[in-house]
Amino acid sequence: MNFEYAVKEVRQKMLDYIEEQINRYDVYGIELDFQREIVCFDYLDNKNCAEIMNDFMREAVKIIKNAENIHGHEIKIAVRLQRDIEQNLIYGFDAKTWDKEKLVDIIV
């Protein structure tokens, strides 16, 4: 069973995990693998799921930027998604916005 990212506590749990790991370990990048578990929302009933995930990514970037200050170097963000941009959007993953806002460095 996948986490339901529409639930605020689920998003916060994942952000807290990212923050814990990125502050503990001096790494040069992270990968968020949504291809592994593409269903993170009840996307048939929640038409706002892309904006929820966009906000999640914006918060993740803030965490990464803070870690860059701690470690003294840039940290890249890679995201794994399905092959089709429009299909990803249905599931709540707005790759075009992430690129436009520079929320990710690599989309695989």
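What are the pairs, 6+ residues apart or on separate chains, where a residue within the range 40-53 that is more than 18 Å from Gln82 (Cα to Cα) has its Cβ under 7 Å from a residue that is assigned to a loop (DSSP other than H, G, I, E, B)?
Pairs that qualify, where the first residue is more than 18 Å from Gln82 (Cα to Cα) and the partner is assigned to a loop (DSSP other than H, G, I, E, B), are Asn46/Ala6; Ile52/Tyr5; Ile52/Ala6; Ile52/Gly92.
Just to be sure I understand the filter: pairs with C-beta atoms under 9 Å, separated by 6 or more residues or on different chains, first member in the range 72-91 and over 21 Å from Lys47 (Cα atoms) and open to solvent by 60 Å² or more (accessible area, probe 1.4 Å), second member assigned to a loop (DSSP other than H, G, I, E, B) and of a type in the set (Lys, Arg). Which pairs pass?
Arg80/Arg36
Taking the options Tyr17, Tyr28, name whichever one is among the aromatic types (Phe, Trp, Tyr), closer than 19 Å to Val108 by Cβ, free of Cβ contacts under 8 Å to residues at least 60 places away in the same chain and exposed (fewer than 13 other Cβ atoms within 10 Å of the Cβ).
Every option except Tyr28 fails the conditions.
The values are calculated or read from the model by the stated rules, or taken from the named source; none is laboratory data. Quick caveat: nothing in here was measured; it's all calculated off a predicted structure. Quick reminder, even Gly has a Cβ in these numbers, built from the backbone with ideal geometry, and neighbours come from all protein chains shown. All accessible areas refer to the heavy atoms of the entire protein, side chains included, with ligands and DNA or RNA removed. Shrake-Rupley method; radii C 1.70, N 1.55, O 1.52, S 1.80 Å.
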